[in-house]
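Novice: I am attaching a structure below and will ask some questions about it afterwards.
The values are calculated or read from the model by the stated rules, or taken from the named source; none is laboratory data. Just so you know, these numbers come straight off a predicted model, no measurement behind them. All Cβ positions, glycine included, derive from the backbone under ideal geometry; neighbour counts span all protein chains shown.
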Amino acid sequence: MLADTTPLAKSGRWAEALRDAGLAALVMLGLLVLIVGVQTVDGEGGLTANFRFDWVLIFCGAVFAGRLAAKLGAGDAIGRALAKPVGGAVGAFSAYSKQIVWLGLGFAAAMPFMPFADRYVVDVATAMLIYVMLGWGLNIVVGLAGLLDLGYVAFYAVGAYSYAMFAKAFGLSFWECLPLAGAMAATFGVLLGFPVLRLRGDYLAIVTLGFGEIIRIVLINWYTVTGGPNGISGIPRPTLFGMPFTASPPEGTTSVHEFFGIDFDPNHRIIYLYFVILALALVVNFFTNRARRLPLGRAWEALREDEIACRALGINPTNTKLSAFAVGAMFGGFAGAFFSTRQGFISPESFTFFESAVVLAIVVLGGMGSQIGVVIAAFVLIVVPELFREFADYRMLAFGLGMVLIMIWRPRGLIAHREPTIRLHPPQGNGR
Amino acid sequence: MAFFTQQLINGLTLGSIYGLIAIGYTMVYGIIGMINFAHGEIYMIGAFVAVIAFVLLSMVGVGSVALALVVVLLMAILVTSLYGWTIERVAYRPLRGSFRLAPLISAIGMSVFLQNYVQLSQGARVKPLAPQLPGGMILFEQGGFAVRVSAIQVFIWVITFALMAVFAWIIGRTALGRAQRACEQDSRMAALLGVDVDRTISTTFIIGAALAAVAGVMVTLYYGVVDFFIGFLAGLKAFTAAVLGGIGSLPGAVLGGLLIGLIETFWSAYFSVEYKDVAAFVVLVLVLIFRPTGLLGRPEIEKV
C-alpha cells in the first residue's frame, strides 16, 4: 500500500490499467463485431446485412471505462462503500427475520382487500405466488438435497395435464384432482430419478434437462391425448366446496355469491385463486421447514454436503435422493394443477426450458436452501419485469447474466444466511 | 438396401457434426470435471458467424467457393475461440474451487445469456442461406431408389477426418497435448511440475470452441438454416454422445457422436420423425443404467 503513493508506481499502475483495459476492449470488439455489428436481415433474394458498428463501439467503450475503473481500485471502493449498508441490511434482516416473516404473511393475507389491489395486481401476485411455490418445491431438490434439476417444468407440465385430463374425462373437482396430479408428477419423478440418481450429480442435470424436452415433445406430438400444439381448453374452474364462481350457476348448484348473499363480482374468483395458491405455497414451506428437522430432511442436507460420509454412516444415498426428487416433483405437480385451473387453457408452449431456467434462477438467486430468499427472488424476477414491460425482451438476458454474476459474487445466493438445523453446543448468549 | 445405404450416409454426416461438438464436452470434462453447458451455444454462435460471413462475402462479391469456405471457416474458428476463451475466463475461472454446483449453474446462466444475446442481436427468425456448395453424385440405383452423396457430405467427412487427425496429433505428440493430459490426470501435480494449468485450461476451451465452430459452419452448409435455438438440442445430443463414448475419452466422443448420428437417422427413417429427438435421450438413459462409464470410458473413483 505504501509503495503506491510514489509517483513512479502510480504512473506504472496507470500504464498497466490502461493496457489491461485496452485488451479487454479489444476482446469485446472481437466478440461483438460480427454478432452485434452485422445484423443479417431478410432482403430481396436472400439475407443482407445491416451494419451497427456504433453499438459495438459503445459497448467496447463501456468495457474499457469499466475495466479501467476496476483496475484503478474503483471496484474495491464501491465494494467497501456497499459492504456496510448491504451487510447491515442483511444483518438486520436476519436479526428480525421472524418479525419480517410474520409481517410479510400478514401483508399477503390482507393484500387482496387493500385499496390498491385491483384485478391486475391480484393477478400478478398470483403469478408470483406460483413461482414462489415452484421455487420452494425446487428448493427441496436443489437447495436441500443438492440435486440440480433442470427439467422441473416437466413435473409442472405433468401436474397441469393430469388435472386437465382427470377433470375433463372424469368430471373430478379441483380438490379431488390435486392429490392425483401430485401423485402423477411424483411417479414421473421416481421413474426418471431411479436410473439417474445413482450417478454423479452432473448427469442428473443433463438427464432432467432432456426429460423436460421429451415431455414437451410428447405433449406436442401425442394429439389424441394432449391435443397437440393446440393444447387443452375449457378446463374446469375451481369451486369452493362444489360451489362455482359464476353469475348464473348451472341447475342444482348454488354459486358462491348466492350462498353468502352478496352481489356477484368476477373478482371473487381471482381473489379465491390467490388464496388457494397462497395456501398451497405455505403448505410447501411448512413441509420444508418441518422436514428439515426430520431424519429424512437431515439426510438430504447431509447428502448435499458430503455423500461419501453419508454412505459411511449408513444412509442409502439413492433412496434418500429419490425421496427428495419425488417430493419436489409432487409439489411441482400441485403447482401445475393450480396453473391449469387458473388459466383454463394449457398448451406445450407454457412448459419450455425457459420456465425451468426461471425457477432455477429464483432458487439460485434467492440463496439455495433459503425460503425467504425464494420469495424475494420471485418478486425481483416476476413482479419487477411486470413494471418494466418495455424491457421484456431483455428479461432472459438479465436472468442469465444474473445467474453467472451471483455465482461469482455470492455463490450461496443473496440471502446466504442459513441456520444449522442442529447445534452440538448451543450458543451461550454471546452470539456466534 | 439402397434406402439403408442412404440412411447410413446421412447418419454418418450428422454423426460427424455431433462428434466434433462432443469433443469439446469431453475435453472440458476431462480437465476440470465440469459439464460446459454453454458449449452448445458456442456451436450455435459458430453457425451464426458462418451465416454472417457468407452474407458479407457475397456483398463483397467473392466468387470462388473454395476461397469463401476457407475464409468462413477461419472467421468462425477465430470468433468462436474468442467466445470460448472469454466464457472460461469470465464465468468459470473465478469459480474454480467453489462448491460443486456453482460452475454448472454459472454455465447454465451463460447458456441462457448467449441464447438471448444472439436472439436480440440477430433476431428470433430462422436465417436461411442459399446452398453454397451444390453438386453431388449418385452412387448406385436399386429398385428405382437412387443413393446420392452430396458434395457437402463429402466436404463434411473430409474436414472431420482431417480435423481429427490434426487433433490426435496435437494431443498425442505436442507439448500442449502432454500438458493437457497431465492436467487431466492430476492438475495439482502438473502445476508442481511446471505446467501452466490456467493456460492449459484456456487452450482446452479454445480448441473445443474451434471444433464446435467447424461443426457450426458445416451444419449451416448442410441444412442451410440457422436459428438461435439450435445449440440447445445439438448440445444435448453431443453431450449424450460424449457420455455414450465414455466421458473424458476423446476417441469415445467421436465414436459416440457417430453412433448418435446413426441412431437418430435410422430412428427417423424407420420409426418416427416426430420423436427423433427422443432417440438420443433414450440412449442416454439406457447407457447410464447399464454402462455408466460409456463404451470407452474408465470407471470413476471418488475419493475423500
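Novice: Restricting attention to helices (runs of 4 or more DSSP H) lying wholly within region A:263-326, give those where 2 or more residues are within 21 Å of A:Gly159 (Cβ to Cβ) and touching a helix residue (DSSP H, G or I) at 6+ places or on another chain (Cβ under 7 Å).
Specialist: A:267-291
Novice: Mind checking which residues of region B:256-289 are crowded, with 17+ Cβ neighbours inside 10 Å and not in a helix (DSSP H, G or I)?
Specialist: Scanning region B:256-289 gives a single hit, B:Tyr275.
Novice: Moving to a separate point now. Among the residues of region A:202-218, are any within 14 Å of chain B (Cβ to nearest Cβ), within 17 Å of A:Ser323 (Cα to Cα) and at pLDDT below 80?
Specialist: Within region A:202-218 (the criterion being within 14 Å of chain B (Cβ to nearest Cβ), within 17 Å of A:Ser323 (Cα to Cα) and at pLDDT below 80), the answer is no, since none of the residues qualifies.
Novice: Tell me, yes or no, whether region A:124-143 has at least one residue that is in contact (Cβ under 8 Å) with a residue 40 or more places away in the chain, of a type outside the set (Val, Ile, Thr), surrounded by fewer than 24 Cβ atoms within 10 Å (Cβ to Cβ) and over 17 Å from A:Val380 (Cβ atoms).
Specialist: no
Novice: Continuing with the same structure: Kindly check whether there is at least one residue in region A:17-25 that is within 14 Å of chain B (Cβ to nearest Cβ), more than 23 Å from A:Gly373 (Cβ to Cβ) and loosely packed, with under 13 Cβ neighbours inside 10 Å.
Specialist: Yes, region A:17-25 has at least one match.
Novice: Condition check: out of contact with any helix residue (DSSP H, G or I) (no Cβ under 7 Å at 6 or more places or on another chain), of a type in the set (S, T, N, Q) and modelled with pLDDT under 85. Does A:Gln428 satisfy that?
Specialist: Spelling it out, A:Gln428 is indeed out of contact with any helix residue (DSSP H, G or I) (no Cβ under 7 Å at 6 or more places or on another chain), of a type in the set (S, T, N, Q) and modelled with pLDDT under 85.
Novice: So which residues in region A:203-237 are in a loop (DSSP other than H, G, I, E, B) and more than 25 Å from the chain's Cα centre (by Cα), if there are any at all?
Specialist: Those that are in a loop (DSSP other than H, G, I, E, B) and more than 25 Å from the chain's Cα centre (by Cα): A:Trp222, A:Gly227, A:Gly234, A:Ile235, A:Pro236, A:Arg237.
Novice: Next question. Can you tell me which residue within region B:89-110, out of those that are among the small types (Gly, Ala, Ser) and at the interface with another protein chain (Cβ under 7 Å from one of its Cβ atoms), is farthest from the chain's Cα centre (by Cα)?
Specialist: Filtering region B:89-110 for residues that are among the small types (Gly, Ala, Ser) and at the interface with another protein chain (Cβ under 7 Å from one of its Cβ atoms), the one farthest from the chain's Cα centre (by Cα) comes out as B:Ser98.
Novice: Does region A:176-197 hold any residues that are surrounded by fewer than 16 Cβ atoms within 10 Å (Cβ to Cβ) and over 25 Å from the mean Cα position of the chain (by Cα), and which are they?
Specialist: A:Glu176
Novice: Of all residues in region A:85-107, which are part of a helix (DSSP H, G or I) and not hydrophobic (A, V, I, L, M, F, W, C)?
Specialist: Across region A:85-107, the qualifying residues are A:Pro85, A:Gly87, A:Gly88, A:Gly91, A:Ser94, A:Ser97, A:Lys98, A:Gln99, A:Gly104, A:Gly106.
Novice: Being touching a residue at least 40 places away in the same chain (Cβ under 8 Å) and of a type in the set (Ser, Thr, Tyr) narrows it down to one of B:Ser58, B:Ser81, so name that one.
Specialist: B:Ser81
Novice: Quickly run through region A:36-74 and pick out the residues that are part of a loop (DSSP other than H, G, I, E, B) and either touching a helix residue (DSSP H, G or I) at 6+ places or on another chain (Cβ under 7 Å) or farther than 21 Å from B:Asn116 by Cα (or both).
Specialist: A:Val36, A:Gly37, A:Glu44, A:Gly45, A:Leu72, A:Gly73
Novice: Being at the interface with another protein chain (Cβ under 7 Å from one of its Cβ atoms) and either under 25 Å from B:Gly84 (Cβ atoms) or in contact (Cβ under 8 Å) with a residue 12 or more places away in the chain (or both) is the requirement here; does B:Phe140 meet it?
Specialist: So B:Phe140 fails the test.
Novice: Residues in region B:228-255 that are within 14 Å of another protein chain (Cβ to nearest Cβ), of a type outside the set (Gly, Ala, Ser) and buried (at least 24 other Cβ atoms within 10 Å of the Cβ): how many?
Specialist: Final tally of qualifying residues: 7.
Novice: Determine if region B:115-134 includes at least one residue that is buried (at least 21 other Cβ atoms within 10 Å of the Cβ), without any contact (Cβ under 8 Å) to a residue 12 or more places away in the chain, β-branched (Val, Ile, Thr) and in a helix (DSSP H, G or I).
Specialist: Checked region B:115-134: no residue is buried (at least 21 other Cβ atoms within 10 Å of the Cβ), without any contact (Cβ under 8 Å) to a residue 12 or more places away in the chain, β-branched (Val, Ile, Thr) and in a helix (DSSP H, G or I).
Novice: State yes or no: is B:Val219 in a helix (DSSP H, G or I) and away from chain A (no Cβ under 13 Å)?
Specialist: When the stated conditions are applied, B:Val219 passes them.
Novice: Filter region B:119-135 for residues that are under 12 Å from A:Met396 (Cβ atoms), within 21 Å of the chain's Cα centre (by Cα) and at the interface with chain A (Cβ under 8 Å from one of its Cβ atoms) and give the result.
Specialist: Scanning region B:119-135 gives no hits.
Novice: Same structure, new question: Within region B:238-274, which residues are of a type outside the set (A, V, I, L, M, F, W, C) and closer than 25 Å to B:Phe167 by Cα?
Specialist: Once the filter is applied, which keeps residues that are of a type outside the set (A, V, I, L, M, F, W, C) and closer than 25 Å to B:Phe167 by Cα, region B:238-274 yields B:Thr240, B:Gly245, B:Gly246, B:Gly248, B:Ser249, B:Pro251, B:Gly252, B:Gly256, B:Gly257, B:Gly261.
Novice: Further, regarding this structure: Being touching a Phe, Trp or Tyr at 6+ places or on another chain (Cβ under 7 Å) and of a type outside the set (D, E, K, R) is the requirement here; does A:Met111 meet it?
Specialist: no
Novice: Next up: Does region B:95-103 contain at least one residue that is buried (at least 22 other Cβ atoms within 10 Å of the Cβ) and not aliphatic (A, V, I, L, M)?
Specialist: Yes, because at least one residue in region B:95-103 is buried (at least 22 other Cβ atoms within 10 Å of the Cβ) and not aliphatic (A, V, I, L, M).
Novice: Right, another one. So B:Ser150 ticks every box in (1) modelled with pLDDT under 85; (2) more than 8 Å from chain A (Cβ to nearest Cβ) but one. Which box is left unticked?
Specialist: Going through the list (1) modelled with pLDDT under 85; (2) more than 8 Å from chain A (Cβ to nearest Cβ), B:Ser150 breaks only (1).
Novice: Right, here's the next one. Are any of the residues in region B:70-91 outside any helix (DSSP H, G or I) and either surrounded by fewer than 18 Cβ atoms within 10 Å (Cβ to Cβ) or among the small types (Gly, Ala, Ser) (or both)?
Specialist: No.
Novice: Condition (residue is among the β-branched types (Val, Ile, Thr), part of a helix (DSSP H, G or I), within 13 Å of chain A (Cβ to nearest Cβ) and under 14 Å from the mean Cα position of the chain (by Cα)) applied to region B:34-54: is it met by at least one residue?
Specialist: yes
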